[in-house]
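Student: Just passing along the structure, written as structure tokens.
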Amino acid sequence: MGNVCTGILLVISGISVWMDLKWRRIANPLMGCGWVLGLLFHWMKWGWLGTFTFLGEAGFPILVWGIFYYFRMIGAGDIK
């Protein structure tokens, strides 16, 4: 299971890098897909505790970098 999850997330990461290099932007649906799969993988491995862990680990950087975005110090793509 772990190798499959790692492989899928590496594919999504690779597609993101390719999109960024080619078009200088990463599609929001691809980011959403990565988030949903990350949440699903955490839930499958650790149950509800994994869900809360994922939300904390993924949400904390958004809150921190969101402050910089609010003051126009970075763009929305930098948070991605």
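Student: I'm checking my understanding of the structure. Among residues of region 1-27 that are within 14 Å of the chain's Cα centre (by Cα) and of a type in the set (G, A, S), which one is farthest from D78 (Cα to Cα)?
Tutor: Checking each candidate, the answer is G14.
Student: Is it the case, given these coordinates, that D20 is of a type in the set (D, E) and either touching a Phe, Trp or Tyr at 6+ places or on another chain (Cβ under 6 Å) or exposed (fewer than 11 other Cβ atoms within 10 Å of the Cβ) (or both)?
Tutor: In short, no.
Student: Just one of the numbered conditions (1) open to solvent by 50 Å² or more (accessible area, probe 1.4 Å); (2) within 11 Å of the chain's Cα centre (by Cα); (3) modelled with pLDDT of 90 or more is not true of L30; which one?
Tutor: For L30, the failing item is (1).
Student: Considering (1) under 19 Å from G75 (Cβ atoms); (2) at pLDDT 90 or above; (3) not small (G, A, S), say which one V36 fails and leave the rest.
Tutor: Of the numbered conditions (1) under 19 Å from G75 (Cβ atoms); (2) at pLDDT 90 or above; (3) not small (G, A, S), the odd one out for V36 is (1).
Student: For region 33-69, give me the residue count where each residue is within 15 Å of the chain's Cα centre (by Cα), surrounded by 14 or more Cβ atoms within 10 Å (Cβ to Cβ) and free of Cβ contacts under 8 Å to residues at least 12 places away in the same chain.
Tutor: Residues in region 33-69 being within 15 Å of the chain's Cα centre (by Cα), surrounded by 14 or more Cβ atoms within 10 Å (Cβ to Cβ) and free of Cβ contacts under 8 Å to residues at least 12 places away in the same chain: 2 in total.
Student: Examine region 51-69 for a residue that is modelled with pLDDT of 90 or more and part of a loop (DSSP other than H, G, I, E, B), and state whether such a residue exists.
Tutor: Taking every residue of region 51-69 in turn, none turns out to be modelled with pLDDT of 90 or more and part of a loop (DSSP other than H, G, I, E, B).
Student: What number of residues within region 1-17 satisfy the criterion of being of a type outside the set (G, A, S), open to solvent by less than 40 Å² (accessible area, probe 1.4 Å) and out of contact with any Gly (no Cβ under 7 Å at 6 or more places or on another chain)?
Tutor: Going through region 1-17 one residue at a time, the tally reaches 1.
The values are calculated or read from the model by the stated rules, or taken from the named source; none is laboratory data. Remember, it's a predicted structure, so these values are computed and weren't measured experimentally. Cβ sites come from the backbone with ideal geometry, for glycine too, and all protein chains shown count toward neighbours. Surface areas here come from the heavy atoms of the whole protein model, side chains and all, with no ligands, DNA or RNA. Shrake-Rupley method; radii C 1.70, N 1.55, O 1.52, S 1.80 Å.
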